[in-house]
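*Asks:* Before I ask anything, here is the structure I am working with.
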Amino acid sequence: MNSKGYVSVICEYNPFHFGHLHQLMLLQKEFEGVVCILSGDIVQRGTAAVASKYLRAEAALRSGANLVLELPVPYCCASAHDFAAAGVHIAESIKSGYLAFGAENPELLFEMSKIVSAEDFAEQTERLIAEHKNISYPAALSLLIGERLGKEAALASEKPNNILSLEYLSAMRGKRIKPFVVERKQDLPSSSQIRALSSGKAMLGQLPVKSRAVFESALGFDFPREPARLDSFFIGTLRSLNASEIEDGLYSAPRDLINKVIAASFKVLSVDELVSLCVDKSYTAARVRRTVNSLVFGIKSESVKRLPPYTCVLAADGIGREILRGIKNDCGIEIVTKPVTALEKNAETQAAFTLSKRVEDIIALSSLEGGEVYKGKSPKISD
């Protein structure tokens, strides 16, 4: 490895598009290895991924990644703060020297980061939340950034990618791992724009050649997955709950929002409708979806606040295998190379893996044919 060694990227590839390819191509020139820490089958906004983690990992491997590790449930569908903390923990544990992520305006991002890292940041955001009668955290962040850096910065701070980038920088503070910021190409379609297209075939037309081939191979059965296929399960489960019997400690689920979500479940037939009923100035759509997931799957705060005890290998090439060999005896996290062996690890890893598997087996129902439910398969290994 050169002086920079290998770099990690926390990603979703939902799906893998030209912007992702641009980033990987640049990283290939700068580093001797690229490790992708890929979300499991629920993404950070709280919905099912457009394809299984194995399919997205294969697209990454064919497109320039050397090693793809999993950011498992529940971390992959957590808040930006907890999502970033978990991803950085995995990157730090596998001895990555750098964490790469994109930004439209890197200089502005670092200016915003100074505000977020200030000692009085929490106090100032709490002040704004109180002054504006319980607005959401993202709204308070935007107001604070606007006070200090102006309107342009305030608007930038509202973008999900920038919120995540600020959390990456915060999570890396005081650690050995360093940021490597890639200027994002704004003229390329985003993941959300691609997912909004009318069909899987239309989505494929917006993907790079190697990525397109991977997703095309699953067209009609595991691509694209559709969260709406889970509506009856989610709404039915919520209707079966008694709000007064739910114990405290569920992740991202304050009591008033629990009551609101369960009451709304009797008025709607879809999760999207439920979310639209529950969104207000205090709770964003992503926050409502996190509460829904916690209620349906029993995700507890302690499960998320405790950093990931393991990661699964989803794909690797020769360089990726070399990286794995190099950290085999000096790694701060359990690395599971075959899913079946996770249940042979320590109790903490067993419990975390069991929760992740249970959730993803249900999320697989968002696939047209029920998804590729875990059967002990090995990761994608390429020469």
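The values are calculated or read from the model by the stated rules, or taken from the named source; none is laboratory data. All values derive from a computational prediction rather than experimental measurement. With ideal geometry, Cβ positions are generated from the backbone for all residues, glycine too; neighbour counts draw on all protein chains shown. When the accessible area is computed, the model is the full protein with side chains, heavy atoms only, and any ligands, DNA or RNA have been set aside. Shrake-Rupley method; radii C 1.70, N 1.55, O 1.52, S 1.80 Å.
*Asks:* Where the centre of each part is set by its Cα atoms, how far does segment 297-349 sit from segment 104-128, in angstrom?
*Replies:* Result: 32 Å between the Cα centres.
*Asks:* Give me the percent of the accessible area of segment 182-225 that comes from carbon and sulfur atoms, probe 1.4 Å, all protein chains in place. Walk me through the numbers on the way to the answer.
*Replies:* Numbers: 1190 of 2380 Å².
The computed percentage sits at 50.
*Asks:* Considering only DSSP beta bridges where both residues belong to the chain, give the percentage that are antiparallel (nearest 5).
*Replies:* Approximately 15 percent, going by the DSSP bridge assignments.
*Asks:* At a Cα cut-off below 18 Å, give the lysines reachable from K133, other chains included and same-chain residues fewer than 8 away excluded.
*Replies:* Within the straight-line cut-off, K133 pairs with K281.
*Asks:* Please compute the per residue accessible area over segment 1-134 with all protein chains in place, 1.4 Å probe, rounded to a whole number of Å². It would help to have the intermediate numbers written out before the result.
*Replies:* Working: 4340 Å² over 134 residues.
Result: 32 Å² per residue.
*Asks:* Can you figure out the FRET efficiency of A130 with K175, using R₀ = 45 Å and their beta-carbon distance, to the nearest 0.05?
*Replies:* 0.90
*Asks:* Please report, as a whole percent, how much of the solvent-accessible surface of segment 231-373 comes from carbon and sulfur atoms (probe radius 1.4 Å).
*Replies:* That share works out to 52 percent.
*Asks:* In percent, how large is the relative contact order of segment 137-261, given Cα pairs closer than 8 Å and 6 or more residues apart?
*Replies:* Averaging sequence separation for qualifying contacts and normalising by length gives 10 percent for segment 137-261.
*Asks:* Another question, if that's okay. Zone of K267 (label point 7 Å along Cα→Cβ, backbone N under 17 Å): which residues in segment 221-238?
*Replies:* 235-236, 238
*Asks:* Taking amide hydrogens as modeled 1.01 Å from N in the peptide plane, which residues meet the under 5 Å criterion relative to Y98, leaving out close sequence neighbours?
*Replies:* Amide H to amide H, under 5 Å and 5 or more residues apart or across chains, Y98 pairs with S8, K178.
*Asks:* With viscosity set to 0.890 mPa s and temperature to 25 °C, compute the Stokes-Einstein D of the chain, Rh being the Kirkwood radius across alpha carbon pairs; µm²/s, no decimals.
*Replies:* The calculation lands on 115 µm²/s.
*Asks:* Quote the accessible area belonging to D280 in square angstrom, nearest 10, computed with a 1.4 Å probe and with ligands, DNA and RNA left uncounted.
*Replies:* 60
*Asks:* Give a quick list of chymotrypsin sites (Phe, Trp or Tyr not before Pro) in segment 212-278 that DSSP marks as loop, anything other than H, G, I, E or B, with at most 15 other Cβ atoms within 10 Å.
*Replies:* F221, F266
*Asks:* With every protein chain left in place, what is the accessible area per residue of segment 280-345 in square angstrom, probe 1.4 Å?
*Replies:* 45
*Asks:* Ignoring any ligand, DNA or RNA, what whole percent of the accessible area of segment 1-146 comes from carbon and sulfur when the probe is 1.4 angstrom?
*Replies:* Here it works out to 51 percent.
*Asks:* Only Cα pairs under 8 Å and at least 6 apart count here; give the relative contact order of the chain as a rounded whole percent.
*Replies:* 23
*Asks:* Would you mind checking the pairs K201/K338; K4/K328; K210/K328; K29/K178; K114/K328; K178/K300 and listing those with alpha carbons more than 27 angstrom apart?
*Replies:* K201/K338; K210/K328; K114/K328; K178/K300
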